[in-house]
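This report concerns only the one structure given below.
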Amino acid sequence: MFKNLTIILLAYIPLSAWGGDFEFSVGGGYQYSGIIGTQFAVKDDDKKYFISLGLPGVSVGMQSVFSSNENHSVGFSVGKLAGIFSADTEYGFITYNYHFSGFRNNGWVLGTGIGYYNRDENRIFFGGGEVKERESGIALTFDIGYKF
């Protein structure tokens, strides 16, 4: 899964982004890969490309400013949450974020999104890791974080 996420992230990062600024943020929600997580981002002008590591998952994504006041951004996030005991969840979301201090500044970020998830229930102890039940559908996400 990490290999797939890396390929997706690299496909969306233009070469000019490597000259951008770096950003670190902490938060909760799917954009932060779980209950609590961190985002490491490269910012290039009005775009941000990130990888998130959280409890208990990993994700990659991108955000782009779409308004003149730079408080609003849209983007996507794809990733996987590893089940502690049984359920693994893969997801992809289209996201909207509101940056209280602006996209380029430090401060609080509040986000939401809609997307698709696929959850596999596994038999851990006696099933040899086989998939017991597969569930998929549409979900909403709510995210909150702080950018440093």
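The values are calculated or read from the model by the stated rules, or taken from the named source; none is laboratory data. What you see is a predicted model, and the numbers here were worked out from it, not measured in a lab. Neighbour counts are summed over all protein chains in view; Cβ atoms, including those assigned to glycine, are modelled from backbone coordinates with ideal geometry.
Quick look at the values:
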item	result
Meets criteria (in a strand (DSSP E or B), modelled with pLDDT under 95 and not aromatic (Phe, Trp, Tyr)) for Asn97	no
Some residue of the stretch 50-65 being modelled with pLDDT under 95 and at positive phi	no
Within the stretch 60-94, tally of residues that are in a loop (DSSP other than H, G, I, E, B), under 22 Å from Val26 (Cβ atoms) and of a type in the set (S, T, N, Q)	1
Members of the stretch 55-100 that are under 12 Å from the mean Cα position of the chain (by Cα) and of a type in the set (Gly, Ala, Ser)	Gly57, Ser59, Gly61, Gly75, Ser77, Gly79, Gly92
Flag if Tyr116 is more than 13 Å from Tyr32 (Cα to Cα), at pLDDT 95 or above, in contact with a Leu (Cβ under 8 Å, 6 or more places away or on another chain) and aromatic (Phe, Trp, Tyr)	no
Where a residue in the stretch 23-34 is closer than 11 Å to Leu53 by Cα and its partner, wherever it lies, is crowded, with 24+ Cβ neighbours inside 10 Å and of a type in the set (A, V, I, L, M, F, W, C), with Cβ under 6 Å and at least six apart	Tyr30/Phe93
Single residue of the stretch 45-54 satisfying the filter (over 14 Å from Gly75 (Cα atoms) and surrounded by fewer than 21 Cβ atoms within 10 Å (Cβ to Cβ)) that is farthest from the chain's Cα centre (by Cα)	Asp45
